[in-house]
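**Q** Sharing a structure, written as structure tokens. Questions coming.
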């Protein structure tokens, strides 16, 4: 399994290098989808906006080949910072799908669009042939309580990586809460299948190494879609290596167990995104829809992380009530 994961990472890095070779642009600059600002305007935008790179679903969290699929709703041109802790339930649902009201998606830097569209077509083909049928079969034969347990298990398995990233971001208090949550769910929760920590007022928080790199100063980055891994940015693509190194699945020596664990996580994550298929059916340009929605949602979470909030759930792309029965 380690060999397979290494091959996938090499494939992703090869795609990254190919994209870099095809368009030598400065990754620090930000261009609008519709208007290319003057250098001074671009520099000003880079100083005021937090723009992210992209990552998935799952088949991310990030196994995210399609996880972050959501419809890009019209938003104000002036990005209004929204405090996630002050949201009512309806606003939280909106944020789970679109990022947040007032979060601007206009500053999307996509100089490698031709390459990205080719990768998007490849990922869609793989999803149609393999992932979507597996996800639908999984939904059909697996009761929802069992799927909830599976999702809890993988959320818990990711907790050590979340904790380490919170420490690297200078948030020891959040890291401590994540650690306690991991201990509670790993013991009382039967290895994380159950979630007693949430009942004990230790809600799940999520972050990743891409957000850590943003905290360290890599604030803006161009959009990049990777084969198999799906929507990302250059920064978040680099963050894949860090998150992979922190994953507990590296500790599994048995290849069959490791492969089975990874496969189940990918299928479960893809199954969570099935309710969003209807949104994609009506899209005039599926690539733009996915790119804009992913970037808008990611930008919102980067803004929240910069303000000290890491309460989002990277593994759950839609509100609970939208998940398949």
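Every number here is computed from the coordinates shown, using simple stated rules; none is lab data. Keep in mind the model is a prediction, meaning the values are calculated, not measured. Cβ sites come from the backbone with ideal geometry, for glycine too, and all protein chains shown count toward neighbours.
**Q** What whole number of Å gives the distance from the Cα centroid of the range 159-206 to the Cα centroid of the range 212-283?
**A** One Cα centre to the other: 20 Å.
**Q** Per 0.36 nm of contour for each residue apart, how much would the distance between residue 136 and residue 216 grow if the chain were fully extended, relative to their Cα-Cα spacing?
**A** Contour length minus Cα-Cα distance gives 24.8 nm.
**Q** Taking the Cα atoms of the range 141-191, report the difference between the largest and smallest coordinate on each principal axis, in whole Å and largest first.
**A** Ordered largest first, the range 141-191 gives principal extents of 43, 19, 11 Å.
**Q** Grab the eigenvalues of the alpha-carbon gyration tensor for the range 129-215, scale each by 5, take roots, and send me the semi-axes largest first in whole angstrom.
**A** 27, 19, 8
**Q** Which order do 249, 207 fall in if you start with the one that has the fewest other Cβ atoms within 10 Å?
**A** Sorted ascending by nearby Cβ count, the order is 249, 207.
**Q** In nm, what is the difference between 0.36 nm times the number of residues separating residue 257 and residue 187 and their Cα-Cα distance?
**A** Value of the extension gain: 23.1 nm.
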